[in-house]
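Below is one structure, written out as structure tokens; comments come after it.
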Amino acid sequence: MTTQVETKIPNPKHNQKTFRYIRGYPFVGNLPEFRKDRLGLFLHMARQGDVCGMHFGPFPGILFNKPEHVQSILVEHAYDFDKGLAIHNTFRPAIGDGIFSSEGDFHRRQRKLIAPPFQPRHIASYADIMGYYGEQIQQTWTDGTTIDVNQQMTNLTMSIIGKALFDADVFTETDELGAAMTVATEYVSHSLSTLLPPPYSWPTPRNRRTHKAAQVLRNRIQRFIDQRRNNSSERNDFLSILLQARDEDGKPMGDEQVMAECLTLFGAGHETTATALSWTWYLLCQHPESYQKVQQEVDSVLRGRTPTYADLARLPYCLQVFKEALRLYPPAYAFSRRALRDIEIDGYRVPKGWIVLLAPYTLHRREEYFPEPEKFDPDRFIPEREKQLPRYAFLPFGAGPRICIGLYFAMMEGHLLLATIAQRVSFSLVPGQTIEPDPVHHLALRPAGEVHVKVKKI
Ligand code: HEM
């Protein structure tokens with residue numbers, strides 16, 4: 001990335017700090033690089049200083065790249081920012097105003113209603129589902145065959161979130177639901193990468209495809225809701241818990257809201273974790289000594305058993321590996337906020353309406369916290385070393401009141417599936433593939449295209 005740099009000051013007041021902007025093209029600003037080489041653009045910005053500006057078309061965006069900035073923006077000033085028009089206009093028409101796109105008091109109410117089943121206490125009860133599906137999928141792989149590990153991890157995490165959300169075996173329906181979900185997430189990532197996406201109501205080919213996919217998902221979820229309403233037997237799935245939840249005034253959520261939350265959780269709850277696991281396998285294949293350590297750990301702790309929640313504390317190396325994969329390839333590699341008023345962050349002025357960016361991808365590559373940042377080194381997450389990291393230097397799940405609600409679920413899932421699968425099979429990368437992250441065509445930082453690995457049964 002050789003983009004030039006210009007210095008510009010957003011109406012500085014006395015004593016306010018200034019920062020540089022990446023020079024862009026007239027009207028489109030830095031959108032061409034943002035679409036072509038987004039990670040390269042962010043890395044280039046991070047190299048200019050702790051704060052650097054760019055332009056989404058005519059709109060400025062400021063990348064803040066220090067852990068202290070995360071604390072200031074996501075925690076201390078959490079309510080001085082919202083998620084901005086791009087998120088609102090993309091998510092709300094397509095899936096409704098779920099917890100990911102809602103704001104203010106409404107978001108706080110929804111978060112309170114939805115949070116209980118995501119607490120660590122409750123999440124532990126899903127460990128058996130994760131182990132069960134991990135065992136199921138590895139049994140479908142025969143010795144010596146080649147699989148696309150990226151697709152397989154997506155099927156797996158989709159089955160798990162389907163079971164946790166709806167107590168349904170969507171495994172066999174992965175094709176229909178998976179295809180619909182893929183169309184929906186492709187629509188979201190396209191809209192978020194485009195300066196002026198056509199409104200959702202316009203009958204463009206992409207919008208028509210998305211409407212159709214959303215209908216498939218809605219019909220299926222409505223059937224689950226109807227089943228719960230017609231059958232009062234006690235169940236532990238998220239949907240049942242959402243339907244029983246009551247706010248402070250004793251009011252339940254309406255069906256439309258339950259639908260929006262289910263679509264949000266279904267979407268947010270599988271692609272991110274599948275992405276993290278795909279990169280974990282890729283990195284392990286590239287680093288046989290770490291792969292061997294993982295396998296030694298699972299063999300000595302599990303001795304052939306499917307791991308349970310209680311085993312996780314005795315599988316620390318697996319957890320270190322999963323965290324290191326999240327560091328190098330954070331599925332949510334960047335996210336944004338819009339200033340609701342003029343705000344000062346670390347002495348830099350952010351005018352009302354401007355966009356700020358936080359990028360775990362660049363934060364996780366700060367040399368002072370992660371020496372030789374491109375090196376895969378799971379020992380960075382040995383607990384004593386991890387404790388030395390400043391708060392928010394490692395940010396795969398965000399922070400503050402909008403921190404990922406699925407954090408404990410995802411961490412347990414990654415940890416447990418890694419152990420389950422590593423005990424049964426060894427993967428090796430099929431030679432001749434170029435595997436790179438593709439942030440443009442997917443919402444999460446998925447590998448571009450397929451990741452072919454050869455399966456060796458143990
Ligand atoms: C490795 C897996 C995952 C990663 C890296 C991840 C990352 C994130 C991040 C960074 C945010 C905050 C975005 C922002 O502040 O703008 C977020 C929010 C969210 N995540 Fe996750 N996530 C993962 C898994 C999950 C799972 C398994 C679920 C649900 C089962 C989930 C549900 C959500 C929801 C609903 C929000 C919005 C929370 C709110 O705004 O209050 N995520 N996630």
Can you say whether Glu248 is surrounded by fewer than 22 Cβ atoms within 10 Å (Cβ to Cβ), over 30 Å from Val149 (Cβ atoms) and not hydrophobic (A, V, I, L, M, F, W, C), as far as the supplied structure shows? yes
Could you go through region 20-37 and let me know if any residue there is touching a residue at least 12 places away in the same chain (Cβ under 8 Å), in contact with a strand residue (DSSP E or B) (Cβ under 9 Å, 6 or more places away or on another chain) and within 16 Å of the ligand (Cβ to nearest atom). no
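Select from region 207-236 the residues that are among the polar types (S, T, N, Q) and part of a helix (DSSP H, G or I) and list them in ascending order.
So the first thing to find is which residues in region 207-236 are among the polar types (S, T, N, Q), and the list is 207, 210, 215, 219, 222, 227, 230-233, 236.
Those that are among the polar types (S, T, N, Q) and part of a helix (DSSP H, G or I): Asn207, Thr210, Gln215, Asn219, Gln222, Gln227, Asn230.
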Among the listed residues Leu239, Leu195, Leu283, Leu243, identify the single one that is within 19 Å of the chain's Cα centre (by Cα) and either away from the ligand (no atom under 16 Å from the Cβ) or in a helix (DSSP H, G or I) (or both). Leu283
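Take Gly144 and decide whether it is more than 16 Å from the ligand (Cβ to nearest atom) and more than 23 Å from Ser240 (Cα to Cα). Give the steps one after another, and end with the answer.
Numbers: more than 16 Å from the ligand (Cβ to nearest atom): yes; more than 23 Å from Ser240 (Cα to Cα): yes.
Answer is yes for this residue.
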Tell me which residues, restricted to region 355-393, are over 28 Å from Ile62 (Cα atoms) and of a type in the set (A, V, I, L, M, F, W, C). Phe376, Phe381, Ile382
What pairs come up if the first residue lies in region 96-122 and is touching a residue at least 40 places away in the same chain (Cβ under 8 Å), the second is of a type in the set (A, V, I, L, M, F, W, C) and exposed (fewer than 13 other Cβ atoms within 10 Å of the Cβ), and their beta carbons are under 9 Å apart, counting only those six or more places apart or on different chains? Asp97/Phe106
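Every residue, every condition in (1) more than 16 Å from the ligand (Cβ to nearest atom); (2) under 27 Å from Asp37 (Cα atoms); (3) more than 25 Å from the chain's Cα centre (by Cα), yes or no:
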| site | (1), (2), (3) |
| --- | --- |
| His287 | yes, yes, no |
| Gln292 | yes, no, yes |
| Ala313 | yes, no, no |
| Pro331 | no, yes, no |
| Ala339 | no, yes, no |
| Gly347 | yes, no, yes |
| Leu363 | no, yes, no |
| Glu367 | yes, yes, no |
| Ile382 | yes, no, no |
Give the residue, chosen from Gly414, Gly398, that is within 12 Å of the ligand (Cβ to nearest atom) and either at negative phi or assigned to a helix (DSSP H, G or I) (or both). Gly414
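Condition test on Asp97, is it of a type in the set (D, E, K, R), within 16 Å of the ligand (Cβ to nearest atom), under 21 Å from the mean Cα position of the chain (by Cα) and crowded, with 20+ Cβ neighbours inside 10 Å? Let's see the steps before the verdict.
On the way: of a type in the set (D, E, K, R): yes; within 16 Å of the ligand (Cβ to nearest atom): yes; under 21 Å from the mean Cα position of the chain (by Cα): yes; crowded, with 20+ Cβ neighbours inside 10 Å: yes.
Against the criterion (of a type in the set (D, E, K, R), within 16 Å of the ligand (Cβ to nearest atom), under 21 Å from the mean Cα position of the chain (by Cα) and crowded, with 20+ Cβ neighbours inside 10 Å), Asp97 qualifies.
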List, please: which pairs have Cβ atoms under 9 Å, are six or more places apart or on different chains, and start with a residue in region 255-272 that is more than 19 Å from Asn150 (Cβ to Cβ) and more than 7 Å from the ligand (Cβ to nearest atom) and end with one that is among the hydroxyl-bearing types (Ser, Thr, Tyr) and not in a helix (DSSP H, G or I)? Ala260/Ser101; Ala260/Ser102
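Looking only at residues that are free of Cβ contacts under 8 Å to residues at least 60 places away in the same chain and in contact with a Pro (Cβ under 7 Å, 6 or more places away or on another chain) in region 340-368, which one is farthest from Gly104 (Cα to Cα)? Show your work before the answer.
We begin by selecting, within region 340-368, every residue free of Cβ contacts under 8 Å to residues at least 60 places away in the same chain; these are 342, 352-353, 360, 364, 367-368.
Going one step further and asking which of them are in contact with a Pro (Cβ under 7 Å, 6 or more places away or on another chain), we end up with 342, 360, 364, 367.
Numbers: Asp342: 18, Pro360: 24, His364: 29, Glu367: 36 Å.
If we take residues in region 340-368 being free of Cβ contacts under 8 Å to residues at least 60 places away in the same chain and in contact with a Pro (Cβ under 7 Å, 6 or more places away or on another chain), then Glu367 is farthest from Gly104 (Cα to Cα).
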Within region 53-71, can one find any residue that is assigned to a helix (DSSP H, G or I), farther than 30 Å from Gly250 by Cβ, at pLDDT below 95 and over 19 Å from the mean Cα position of the chain (by Cα)? no
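One line per residue, one yes/no per condition, for (1) out of contact with any Lys or Arg (no Cβ under 6 Å at 6 or more places or on another chain); (2) more than 29 Å from Phe118 (Cβ to Cβ); (3) modelled with pLDDT of 95 or more:
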site	(1), (2), (3)
Arg366	yes, yes, yes
Phe397	yes, no, yes
Met411	yes, no, yes
His442	yes, no, no
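The values are calculated or read from the model by the stated rules, or taken from the named source; none is laboratory data. The model shown is predicted, which means the values in this text are computed figures rather than measured ones. Quick reminder, even Gly has a Cβ in these numbers, built from the backbone with ideal geometry, and neighbours come from all protein chains shown.
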